[in-house]
Every structure is written in structure tokens, then in C-alpha cells.
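To start, the structure itself, in C-alpha cells.
The values are calculated or read from the model by the stated rules, or taken from the named source; none is laboratory data. Predicted model only: the values in this text are computed from it and were never measured. Cβ coordinates were reconstructed from backbone atoms using ideal geometry, including for glycine residues, and neighbour counts include every protein chain displayed.
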Amino acid sequence: MRNITQHLIPACLFLIIAILGNIAHGAQTNDQAFTVNIGDEITLLFPGETSLSKAFSVERDGTINLPEVGQITVVGLTEKALRTTVKKELSKAFRNIEDLSVRIGKKQRLIKIAGYVNQPGEVLLSAGGDIQSAFVLAGGLRNGAQLDQIQLRRNGELTVFNYKSYMDTGDTAVLPRLQSLDEIFVPASPKTGNIETAFNPSSLTNSGDAADSQNAIKIFGEVRSPGSFSFNEGASVVDYLMRAGGVTRYASVEQIRVISGGSPKLFNLKKYLDSGDESALPLITENTTIFIPIQEEEIKSGSNMVYIMGEVFKPGAYEGKKGATFLDILANAGGPTRYAESRQIRLIRANGDVVPFDLAAFTESTRLQPLPDVQAGDAIFVPEKTDMNEKSWLKVAPSRAVRVLGEVVRPGRFEWSDEMSLLDLLAHAGGPTSRADTSRIEVVIPEGENQTRKIAFNLDTFIEQGLSDSKLPQLVAGTTVRIHDLPQDPSDNKSQWVRQASDDSIYIFGQVGAPGRYRFTDAMHFLDILAAADGPTDKADISAIRISHRGKNRPEVSALDLHLYFETGDEALLPDVKPGDTIYVPAQKGLWLHTPKETTIRVLGAVNKPGRYRFDDTMSILDLLAEAGGTSDEAYLKKITVVNLSCCKDQATVFNLKKFSRTADFSKLPVLRAGDTIFVPHRRESVLYKTREGMRDIIQTVSLVALIGAL
């Protein structure tokens with residue numbers, strides 16, 4: 001038993017090694033077979049690099065173009081070799097590529113399709129795609145493609161296959177298998193001739209063969225389907241007209257021309273249909289030409305004719321009778337159509353004079369005007385109604401148009417009537433948009449030759465106060481109306497200064513978030529304009545704001561303590577600002593420039609922010625030291641000096657801040673008044689510091705003497 005076990009163990013080990021070797025060999029064989037071809041899609045995943053974490057197509061030259069490194073040749077590589085090559089190239093630009101993942105994401109084939117297809121060009125075909133899939137990607141075959149002679153070019157060799165046979169039988173064996181860089185060419189059928197045209201193959205038999213034009217019967221003119229038709233022995237001209245779809249409603253059936261055997265003949269189809277006489281039918285031979293002309297009406301003219309044109313149901317020339325009025329002639333022509341502009345009818349006299357007539361006003365009795373007297377030779381023209389969507393300014397003459405510009409729904413030129421008002425015009429233009437500034441509508445009205453008058457109209461006030469239409473600007477033809485747009489946000493006001501007048505603007509400078517020039521109306525107040533400028537900055541001295549009023553008869557400047565307003569909420573403190581005023585918000589660091597020394601306290605010495613600070617009776621020395629940023633690391637806190645400004649003489653008081661921090665006795669705090677000075681000395685000025693420095697000098701001198709004596 002032991003001998004059998006000794007022989008079996010080596011045999012099993014050998015078998016396992018052989019199996020593992022075969023598995024490894026098979027994996028290597030499959031990896032080598034899975035190579036990169038032109039048109040394949042290579043997928044990269046590189047965490048942190050979005051420009052590389054995507055798919056790249058293999059171009060015709062067998063390369064992919066990667067950011068940072070450029071083109072890399074990958075065609076023919078296995079997936080393992082591809083991974084090695086890409087990592088090698090990317091390691092030149094990136095330090096750590098351990099997390100890079102490279103694989104063949106999609107097997108595709110790049111196929112070029114030309115000829116009679118709807119979308120010729122290059123297509124990317126999936127690995128399992130066939131000829132039919134390629135035609136689908138090319139938009140399908142066009143009418144007239146020759147399916148039995150499709151060409152396949154590969155590496156300079158030409159193969160012709162019958163795609164129609166596949167369509168008839170479904171046998172895929174007749175179709176070649178595609179490879180990358182294959183070129184497919186779909187020829188056109190020779191039966192389509194030299195001129196490309198859309199045709200229905202089912203009607204090819206009836207419409208004749210264009211290639212056989214020597215014997216074909218040619219029919220053109222006022223028929224529904226003109227063309228060349230095959231010759232049939234014994235067929236008459238009526239048969240051919242039927243094959244051409246029959247004549248149209250505009251055909252002159254009494255003047256049909258037939259050229260047969262080189263001899264032209266005139267055929268009256270109406271007479272034949274009325275009589276049934278077959279002897280009237282012309283003889284049709286090979287290569288006969290049949291032409292059906294368009295019907296022409298008899299031109300009516302004469303000294304007693306009245307002409308009516310334009311948007312009426314039956315325009316034409318009508319014989320005038322004695323006593324016939326303008327309305328009689330208009331009614332005889334069917335009246336105006338729904339597209340007629342009945343307000344602008346024009347009567348053109350025989351001598352060239354033009355008489356305008358407003359039919360709508362006549363029927364509404366809004367204006368008393370007589371009917372024009374129509375005479376022989378006159379012409380009545382009813383123009384087409386102006387389309388609101390029509391952009392052409394030729395539709396409305398300048399002498400009867402007004403212009404609406406700016407923030408309305410439909411800006412443009414509009415026909416004007418004296419019955420309209422400014423509100424009617426704005427409504428006709430679709431009304432102001434949501435961004436329209438209706439508080440100042442500019443209206444330019446012509447007055448005489450080369451003279452105009454400008455009016456600023458406040459539509460908001462007009463509507464809020466409910467004023468009558470008599471308060472509206474009186475418009476005439478030729479007027480221009482412009483509506484400005486509001487800024488998208490208050491801070492955008494300053495971008496509008498080019499288009500707005502100084503009288504409508506207010507200026508704000510200094511320590512605000514967005515200083516500049518802003519649009520301002522009477523409905524706004526001081527806080528509105530301050531908020532539009534993004535408010536004061538953290539460096540602003542809001543207790544000393546200055547306002548310059550420019551609209552007064554004399555110069556006037558007012559001061560504002562905004563800090564006091566925030567404490568009290570008293571609206572009476574806010575100034576009354578108007579357009580044209582100037583607001584200045586100073587900086588805190590400029591306090592000493594405009595504040596008297598008697599209202600401030602000076603903080604000097606070893607503090608972080610020495611300077612002058614505003615003082616009131618509610619503050620103490622601790623408040624001022626905190627305002628000055630606190631004492632520095634070198635401050636000598638035991639002898640802080642306070643110099644009081646009194647009526648008779650200056651008095652100095654010493655304050656021990658270090659002792660106060662231990663006792664917290666607020667009664668020991670020095671009394672301060674406006675105009676005082678606080679001085680915090682440096683540590684080097686103390687007696688202990690000076691004594692320590694003196695002892696250091698003595699020790700250094702004694703040490704030097706002892707050293708010299710030893711030497």
C-alpha cells in the first residue's frame with residue numbers, strides 16, 4: 001500500500017502541472033487572438049484624471065491620441081501588450097500609474113460606404129455587424145441603386161456580390177464578411193439615366209424608360225405627371241393623357257399641340273369630348289410630342305373699364321355702368337378677403353392721382369368721409385394686411401408707421417391710426433416685458449420738418465393714480481417709442497450709466513461694496529441706494545456719512561450717523577436723497593482727519609493699534625484698550641499713564657492693569673474724558689528691567705577682570 005502511494009503522488013503532481021500549463025497556454029493563445037484593430041474602442045480608467053478616463057477610438061493609421069503624450073500605435077497589439085504600451089507611454093508624463101486600467105472596450109470595424117446611399121461616408125460597425133447593418137448606418141440605399149453589382153474593395157482587390165439575391169432568399173452566404181478598412185461602393189442603376197430624379201419604381205412601366213427616348217411619347221405642360229412614356233401601338237392621344245394623370249384645372253384643352261412625324265397639329269379636346277368624333281383624334285406615332293398649354297383669359301380693356309386688384313375675392317377688370325358706386329364695384333369683386341387691410345384702400349385715378357379710403361372707419365362711422373367717386377379707367381387697390389410676424393418694413397410706409405423699441409414683447413414698426421393711443425400701441429406690441437423700466441418711457445414725436453419733441457412718460461404713475469387718456473402723450477405717425485430695460489439685480493445699475501441721464505442717477509463713493517453710479521427713482525430712499533451698492537464695508541465709518549445735495553439752489557451737505565439710526569430706529573435721521581445727489585462713506589482710519597481732538601482719546605505706546613478713537617461717557621479705559629487691539633507683548637502693565645485734559649492744567653494718573661486683573665476692582669479705573677491721552681509704556685522702561693540690565697553689565701565687567709588677572 002505504501003508503494004502504491006509513493007507512485008501515485010508524483011503522478012498526480014505531474015498531471016496537475018500539465019493541466020495548469022495547458023490552462024496558461026490557452027489563456028495566452030486567447031490573449032494573442034484578441035488583438036486591437038482599426039475602429040476598436042480603447043477604454044482607459046485613471047482615477048483623478050478625467051481627460052484620460054474615457055474611451056478612445058483607433059484611427060485609420062492604427063493609433064490612439066491620448067492627452068499629455070500624443071499618438072500611440074496600438075493596432076495589432078494584444079490586450080496585455082496594449083496595457084504595457086499605454087502604461088509605458090503615460091509613465092513619461094505621470095509619476096504614479098499603478099491605478100491605471102486599460103482594456104479593449106468595444107470591438108468595432110471602420111467601414112467606408114460610398115455611392116448610392118443616403119449618407120455616404122465612414123461608419124463604425126460592431127464586431128457582429130454585417131453588410132445590411134452597414135447600409136442601415138449609412139442611412140439606407142437610395143431609390144435607383146443597382147443591388148446586384150455592389151462592389152467590395154479590400155487591400156486593392158475588388159469583389160462584386162449580389163445583394164438582391166440575399167434580399168430575395170435571405171441566404172447570408174452570398175454576402176462577404178467585413179473587415180476594418182473595407183470599402184463598399186453601391187452603383188446607380190443605368191436605367192435612371194444621367195440626371196438624378198426621385199421616382200417610384202412601380203410607375204416606371206407606365207411612365208416609360210428615359211433611356212429609350214428615341215421612340216418615347218413625350219408629354220409636358222399642364223398635365224399632372226409629365227414625362228416620357230413608352231409607345232403603344234394603337235393608343236390615342238386621350239390614352240396618353242390618361243397615363244400622364246390627366247390635365248390640370250389650368251389646362252387650355254382647346255389648344256393642345258401634337259407634333260407627330262415632324263408635322264405639328266392643333267387638337268381641340270373639348271370639341272372631341274362634345275362630339276365624340278374619333279376622326280378628330282390626331283395620329284400618334286413613335287417619338288410624338290404632346291404639349292398642353294396653360295389657359296389664358298381674354299384681356300379686358302376699354303374706356304369704360306374699372307380695375308380692382310389686391311385682396312378681393314375676384315380681382316379683375318369690370319365694365320363700369322352709370323350710377324355704380326365704390327361699394328357696388330367692391331361688392332361685384334366679391335368684397336375684401338380676410339387678409340385685406342381695409343383701412344388703407346387706395347383709389348388710383350387715370351391721371352395718376354391717389355385717393356386713400358378707410359373702409360373700416362366708414363363702416364364704423366367714427367369719421368365722416370364720403371365714398372370716393374369712381375370713374376372709368378380708375379383702379380382700386382386693396383392691400384394685404386400687415387402680418388405681425390412679418391419683419392419687412394416695406395409692409396408699412398414710413399408716413400403711416402410708428403416705431404417701438406426696447407423691452408416690449410414684439411418690438412418693430414407698426415401701422416398707426418389717429419384713433420389709437422400710446423396704450424393701444426404698447427398693447428399692439430405685446431406690452432412691456434417683465435424687465436421693462438416703465439417709469440421712464442421715452443417718446444420722440446416729430447413736429448414739422450426736421451424737428452422733434454422728446455417726452456418722458458411715467459406709465460407706473462399713470463396707472464397708480466388712475467389718470468385719464470387725456471394725460472397720455474399725443475402720438476402721430478413717425479413717432480418713436482423706446483422702453484429701457486431694468487438691470488437684472490440692483491448692483492447691475494451701474495452698468496446702465498451710459499444709457500441713463502445724470503438727472504436719473506445717484507452717486508455713491510467710499511467704503512461701500514460696489515461704489516459707482518446707480519439708477520434712482522423718487523420711490524426709493526437712502527437705504528435702497530445703500531443696499532444697491534452692497535452696503536458699507538467693514539472699514540466704513542458709518543457714523544460720519546456725508547450727502548451732497550446737487551439739486552438745491554445753493555450747495556448743501558448733510559451728515560448722517562447711521563450707527564445712531566441702527567441704535568434708535570429713528571427714520572427722521574435718514575436724509576432725503578434725490579437723483580443727482582452724491583453719497584460719501586468715509587473709512588475709519590481717516591477719523592483724525594475730520595473729527596476734532598476734543599471728541600477723541602489718543603491711545604499710544606505698547607498697544608497693537610495705536611491711534612485716535614471716538615469716546616463717549618459710557619466707555620472706560622478697558623474699552624479703549626480693547627478698541628486699540630489690546631496691549632502688546634512688550635507692554636509694562638503696572639504703570640499705564642492717563643493724561644487728563646482739564647480746564648486749568650493737564651493731570652497724569654498711573655493705572656496698574658496687572659493689579660486690576662487680580663482684584664477686578666472697577667472703582668480703581670481712572671476717570672476718562674474726551675481729549676485725554678492713554679500711554680502704555682514698554683517693559684524696558686521699568687526699574688526692574690533697568691536694574692537687571694545694570695547687573696548684567698557689572699557681572700560681565702567683573703568676569704572680564706578676573707579673566708585678565710588669570711592670564
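Does the range 97-117 contain any residue that is on the phi > 0 side of the Ramachandran plot, surrounded by fewer than 17 Cβ atoms within 10 Å (Cβ to Cβ) and modelled with pLDDT under 85? No, every residue in the range 97-117 fails to be on the phi > 0 side of the Ramachandran plot, surrounded by fewer than 17 Cβ atoms within 10 Å (Cβ to Cβ) and modelled with pLDDT under 85. If the condition is being over 51 Å from the mean Cα position of the chain (by Cα) and either in contact (Cβ under 8 Å) with a residue 24 or more places away in the chain or not in a loop (DSSP other than H, G, I, E, B) (or both), then the range 161-187 contributes Ser165, Asp168, Thr169, Ala173, Val174. Kindly check whether there is at least one residue in the range 148-156 that is surrounded by 15 or more Cβ atoms within 10 Å (Cβ to Cβ) and among the aliphatic types (A, V, I, L, M). Yes, there is a match, as at least one residue in the range 148-156 is surrounded by 15 or more Cβ atoms within 10 Å (Cβ to Cβ) and among the aliphatic types (A, V, I, L, M). Could we say that Thr433 is modelled with pLDDT of 90 or more and among the hydroxyl-bearing types (Ser, Thr, Tyr) here? Yes; evaluated as a whole, the condition is true for this residue.
If I filter the range 117-131 for residues that are in contact with a Lys or Arg (Cβ under 7 Å, 6 or more places away or on another chain) and of a type in the set (S, T, N, Q), do I get at least one hit? Yes. Residues in the range 397-416 that are exposed (fewer than 15 other Cβ atoms within 10 Å of the Cβ) and over 23 Å from the mean Cα position of the chain (by Cα): Ala397, Pro398, Ser399. Scanning the range 447-463 for residues that are loosely packed, with under 10 Cβ neighbours inside 10 Å and either part of a strand (DSSP E or B) or within 36 Å of the chain's Cα centre (by Cα) (or both) gives a single hit, Lys454.
Restricting to the range 556-575, name every residue that is closer than 20 Å to Thr537 by Cα and touching a Lys or Arg at 6+ places or on another chain (Cβ under 7 Å). The answer is Ala559, and nothing else. Among residues of the range 173-191 being in contact with a helix residue (DSSP H, G or I) (Cβ under 8 Å, 6 or more places away or on another chain) and closer than 30 Å to Met242 by Cα, the one that is modelled with the highest pLDDT is Pro190.
Val444 meets each of the listed conditions (1) within 36 Å of the chain's Cα centre (by Cα); (2) at pLDDT 85 or above; (3) at positive phi apart from (3). Take the range 667-687 and flag every residue that is outside any loop (DSSP other than H, G, I, E, B) and at pLDDT 85 or above. Of everything in the range 667-687, those that are outside any loop (DSSP other than H, G, I, E, B) and at pLDDT 85 or above turn out to be Thr677, Ile678, Phe679, Val680, His682.
Which ones in the range 501-555 are closer than 25 Å to Arg614 by Cβ, assigned to a helix (DSSP H, G or I) and in contact with a strand residue (DSSP E or B) (Cβ under 6 Å, 6 or more places away or on another chain)? Passing the criteria: only Ile542. Can Glu311 be described as assigned by TED's automatic domain parsing to the domain that holds Glu341 and within 54 Å of the chain's Cα centre (by Cα)? In short, yes. For Gln700, are the conditions met, namely being over 17 Å from Thr600 (Cβ atoms), touching a strand residue (DSSP E or B) at 6+ places or on another chain (Cβ under 6 Å), surrounded by fewer than 16 Cβ atoms within 10 Å (Cβ to Cβ) and at pLDDT below 85? So Gln700 does not fit the description; no. For Glu222, the requirement of being modelled with pLDDT under 85 and either in the same structural domain as Glu59 (by TED's automatic domain parsing) or out of contact with any helix residue (DSSP H, G or I) (no Cβ under 8 Å at 6 or more places or on another chain) (or both) is not met. Identification of strands (runs of 3 or more DSSP E) wholly contained in the range 323-385 with 2 or more residues that are crowded, with 16+ Cβ neighbours inside 10 Å and out of contact with any Leu (no Cβ under 6 Å at 6 or more places or on another chain) yields 345-348, 379-382.
Looking at the range 606-655, the strands (runs of 3 or more DSSP E) lying wholly inside it that each contain 2 or more residues that are surrounded by 16 or more Cβ atoms within 10 Å (Cβ to Cβ) sit at 611-614, 640-644. Here the range 137-160 is the region considered, the condition is being assigned to a strand (DSSP E or B) and not β-branched (Val, Ile, Thr), and the residue that is nearest to Ser189 (Cα to Cα) is Ala145.
Screening the candidates Val258, Val247 for the property of being at pLDDT 85 or above and under 60 Å from the mean Cα position of the chain (by Cα) yields one hit, Val247. Kindly indicate whether any position in the range 598-615 is of a type in the set (A, V, I, L, M, F, W, C), modelled with pLDDT under 85 and within 60 Å of the chain's Cα centre (by Cα). Taking every residue of the range 598-615 in turn, at least one turns out to be of a type in the set (A, V, I, L, M, F, W, C), modelled with pLDDT under 85 and within 60 Å of the chain's Cα centre (by Cα). Within the range 113-136, being part of a strand (DSSP E or B) and hydroxyl-bearing (Ser, Thr, Tyr) holds for one residue alone: Ser126. Being among the aliphatic types (A, V, I, L, M), at pLDDT below 85 and at negative phi holds for only one residue in Ala55, Ala24, and it is Ala24. Filtering the range 286-315 to residues that are modelled with pLDDT of 90 or more and among the β-branched types (Val, Ile, Thr) leaves Thr288, Thr289, Ile290, Ile292, Ile308, Val312.
Flag not set for Asp61, criterion: touching a residue at least 40 places away in the same chain (Cβ under 8 Å) and exposed (fewer than 12 other Cβ atoms within 10 Å of the Cβ).
The C-beta contact set for the range 500-511 (first residue farther than 22 Å from Ile483 by Cβ, second residue small (Gly, Ala, Ser) and modelled with pLDDT under 90, distance under 8 angstrom, 6+ apart or interchain) comprises Tyr507/Gly516; Ile508/Gly516; Ile508/Ala533; Gly510/Ala540; Gly510/Ala587; Gln511/Ala540; Gln511/Ala587.
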